[in-house]
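For reference, the structure is listed below as structure tokens.
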């Protein structure tokens, strides 16, 4: 057992380091659980290494289809590497959605033709891995225009990712509705 005595100066250094690295209180709590710090010490001493997990999404796979819906269009997109920091601001708004304006979904769909948009496979991957969703997306409905569905009533719609108050969930809007600045399209980060 170590005879470590943490003085006020060292505690402050840790506090400042946690702030620089954007640690949350939950992150610090997890760091203190089990043998996590022992594993970090092994890295510091050169006995272990850290491997960054790449989140690769197969955008060529068939998308999830809700009951009684069908897929009208699915833009494939090879293997997409998700990077939470890069994707934070990778949202597209039409000029018709900005400054308090609205654009009808069918017009927006035409405008998005030929533009890189993410498909519903990315949406479903994020729902399975909510820790990868940028906090900045809360309060918006992030639409994945790369997959357009036809619902059970025959209407065209696009699924979106939204914060429901205590968790991330999916919703949708019909192309016949108006879309405003809270309804951006998810696009690949450039």
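The values are calculated or read from the model by the stated rules, or taken from the named source; none is laboratory data. All of these numbers come straight from a predicted model, not from anything done at the bench. Backbone-built Cβ (ideal geometry, glycine too); neighbour counts: all protein chains shown.
Just checking, does the range 134-151 include any residue being in contact with a strand residue (DSSP E or B) (Cβ under 9 Å, 6 or more places away or on another chain), surrounded by 16 or more Cβ atoms within 10 Å (Cβ to Cβ) and assigned to a helix (DSSP H, G or I)?
yes
Looking at the range 40-55, is at least one residue touching a residue at least 24 places away in the same chain (Cβ under 8 Å) and out of contact with any helix residue (DSSP H, G or I) (no Cβ under 9 Å at 6 or more places or on another chain)?
yes
Assess whether residue 90 counts as being more than 13 Å from residue 158 (Cα to Cα), in contact (Cβ under 8 Å) with a residue 40 or more places away in the chain and loosely packed, with under 14 Cβ neighbours inside 10 Å.
It is false that residue 90 is more than 13 Å from residue 158 (Cα to Cα), in contact (Cβ under 8 Å) with a residue 40 or more places away in the chain and loosely packed, with under 14 Cβ neighbours inside 10 Å.
For the structure I just gave you, tell me whether residue 65 is surrounded by 11 or more Cβ atoms within 10 Å (Cβ to Cβ), free of Cβ contacts under 8 Å to residues at least 60 places away in the same chain and more than 20 Å from residue 133 (Cα to Cα).
It is false that residue 65 is surrounded by 11 or more Cβ atoms within 10 Å (Cβ to Cβ), free of Cβ contacts under 8 Å to residues at least 60 places away in the same chain and more than 20 Å from residue 133 (Cα to Cα).
In a loop (DSSP other than H, G, I, E, B), modelled with pLDDT of 95 or more and under 16 Å from residue 189 (Cβ atoms): which single residue out of 126, 118 fits that description?
Being in a loop (DSSP other than H, G, I, E, B), modelled with pLDDT of 95 or more and under 16 Å from residue 189 (Cβ atoms) holds for just one of 126, 118, which is 118.
Residue 166 versus (1) within 20 Å of residue 98 (Cα to Cα); (2) out of contact with any helix residue (DSSP H, G or I) (no Cβ under 6 Å at 6 or more places or on another chain); (3) not in a strand (DSSP E or B): which is the lone unmet condition?
(1) is the only condition that residue 166 fails.
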